[in-house]
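Read-outs: derived from the displayed coordinates by stated rules, not from any lab. On a predicted model such as this, the values are computed, not experimentally measured, just so you know. Cβ sites come from the backbone with ideal geometry, for glycine too, and all protein chains shown count toward neighbours.
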Amino acid sequence: MSVSTSSASDARDENGHLIRELHGVTLASIVEYLQAHYGWSGLDQRLRMNCFAENPSVKSTLTFLRRTPWARAKVEALYIDTRTAEVNAKHK
């Protein structure tokens with residue numbers, strides 16, 4: 001018996017693309033989305049990175065994330081989780 005549940009592995013955006021694949025989503029748009037959703041202080045609370053705490057800006061954050069793969073992975077994971085929750089909430 002299988003139960004149908006929506007998860008990060010199958011959640012899709014408005015264009016039908018799997019959110020977890022980040023299809024056509026730039027790092028800049030991810031940072032802008034998360035900043036608009038959580039604010040800099042909210043991002044700092046969730047991810048604990050100085051780029052969100054010390055004079056944050058999209059430009060400086062992008063520079064840091066492009067040079068720091070572990071940080072980029074954490075930001076992308078937060079984006080996937082946030083977008084998945086948003087999409088799942090719309091479909092309830």
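Available extension along the chain between Phe64 and His91 is 6.2 nm, counting 0.36 nm per residue and deducting the alpha carbon span. Rounded to whole numbers, the Karplus 3J(HN,Hα) couplings from phi for region 65-74 are 5, 5, 9, 10, x, 5, 6, 4, 4, 5 Hz, using 6.51 cos²θ - 1.76 cosθ + 1.60 with θ = phi - 60°, and x at Gly and Pro.
Over the chain, dividing the summed -39,500 (n - 2.57) contributions of all DSSP H runs of at least 4 residues by the number of residues returns a 222 nm mean residue ellipticity of -20000 deg cm²/dmol.
The simple spin-label model puts a point 7 Å past each Cα toward its Cβ; for Glu14 and Lys74 those points are separated by 3.0 nm. Evaluated over the Cα positions of region 25-90, the convex hull gives a direction-averaged projected area, one quarter of its surface, of 4.1 nm². Residues of region 68-85 with an amide N closer than 15 Å to a point placed 7 Å from the Cα of Asn50 along the Cα-to-Cβ direction: 68, 71. From most to least packed by mean Cβ count within 10 Å, the peptides 21-28, 32-39 give 32-39, 21-28.
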